[in-house]
Every structure is written in structure tokens, then in C-alpha cells.
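Working notes, structure below.
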Amino acid sequence: MPTVTSAHMNLVLAWLWITVGVVVGFVLGAYFHRDDWLGGYTSFKRRLYRLAHVAFFGLAIINLLFYFTVQRLTSPGTIINLASWSFAIGAVTMPVCCFLMAHNRRLRVIFLIPVLSTLGGACITFWEVMR
Ligand code: HEM
């Protein structure tokens, strides 16, 4: 019988991503006083860099919420393991997609990875908390 995750991986990833988010914010902060940096505040490249910065925190918060939710579930199904991996994949791929797309607009389709994995994790978790 496969074991049910403790979601510890999501907890570790959440705090790693918060740390990386601050470091990225620091780097953004080192240049954002320059109006023309990365083509200016509203440029495509700067917007995607900013989105990556925010995504580190956003997806960290989602992984952290998932971790605490799993601790509260009395008898989760083994499908919760899939949600654990889905949220981790979403967290890792979202900022990566932002940085890649900042340098190549044609890569838009790659955002399907963080979108579908995070959506999958959310649906499974919703199902488990409703059960
Ligand atoms: C010490 C930690 C942080 C630093 C040094 C930092 C730094 C920055 C910098 C420099 C920008 C502007 C980037 C630009 O002009 O293109 C920015 C934008 C932003 N940051 Fe952070 N940040 C930090 C923490 C956070 C946290 C914890 C959150 C949310 C959970 C956050 C959310 C945002 C958002 C939403 C924007 C976009 C704001 C806008 O559109 O002007 N940041 N951050």
C-alpha cells in the first residue's frame, strides 16, 4: 500500500522559494531606480521578471497552505501524493517559464506546465478536503 505524503517536500520548497524570491527582489531592487532598465517599467521583459519575482512568493504560499492542509486531513487518499508533486512542479516551473518567456515571447505555451500542474493540485486537494 503506497504511503501518503507528509508534504514535507512542499514545506521545504516553500521556504526555499521565499528565500529565492527575496534574493530576486534584491536584484530587481539594485536596478529598478533606472527608468530604462530592461526596457522600462512596462516593458515585456521587465513585466515577466517582476511576475517571476511575485511567483516565487505566490507559489511558496500555495505550497505552504498545501502542507498545513495535509496535516489536517485525517485519512487522505494516496492521490494526495500527486497533488504534492503537482504543486512542487508548478512552483518550480512558473518562475522558470517567466524568465524563459522574458527572452522569447514565442515560448508562451510553456506556461501550460505551471498552469495545469497547479490546477491539478488544487482540484485534488479540493476533492480531498471535501471527502
Ligand atoms: C525583501 C523582499 C523583497 C524585495 C527586495 C522586493 C523587491 C521588489 C522590487 C525591486 C520590485 C520592482 C521591480 C520593478 O520595478 O520591475 C518589486 C515588485 C513587486 N514585488 Fe517585491 N520585493 C520583496 C518582497 C516581496 C513580497 C514578499 C511580495 C509578495 C508576496 C512581493 C511582491 C511584489 C509585487 C506584487 C511587485 C510588483 C509591484 C508593481 O507592479 O509595481 N515582493 N519587488
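Data overview
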item	result
Positions within segment 70-88 being within 18 Å of the chain's Cα centre (by Cα), within 12 Å of residue 127 (Cα to Cα) and surrounded by fewer than 22 Cβ atoms within 10 Å (Cβ to Cβ), in sequence order	80
Criterion: closer than 26 Å to residue 19 by Cβ, more than 13 Å from the ligand (Cβ to nearest atom) and either in contact (Cβ under 8 Å) with a residue 40 or more places away in the chain or basic (Lys, Arg) (or both) - qualifying residue of 68, 57, 111, 87	87
Those residues of segment 1-39 which are open to solvent by 60 Å² or more (accessible area, probe 1.4 Å), under 20 Å from residue 98 (Cα atoms) and within 11 Å of the ligand (Cβ to nearest atom), in sequence order	19, 22, 23, 26, 27, 31, 32, 39
Lone unmet requirement of (1) hydroxyl-bearing (Ser, Thr, Tyr); (2) within 16 Å of the ligand (Cβ to nearest atom); (3) surrounded by 13 or more Cβ atoms within 10 Å (Cβ to Cβ) for residue 42	(3)
Residue in segment 118-131 that is within 20 Å of residue 19 (Cα to Cα) and open to solvent by less than 40 Å² (accessible area, probe 1.4 Å) present	no
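The values are calculated or read from the model by the stated rules, or taken from the named source; none is laboratory data. The structure displayed is predicted, hence computed values, not measured ones. When we count neighbours, we look across all protein chains shown, and the Cβ atoms used for this are built from the backbone with ideal geometry, even at glycine. With ligands, DNA and RNA removed, areas are computed over all heavy atoms of the protein, side chains included. Shrake-Rupley method; radii C 1.70, N 1.55, O 1.52, S 1.80 Å.
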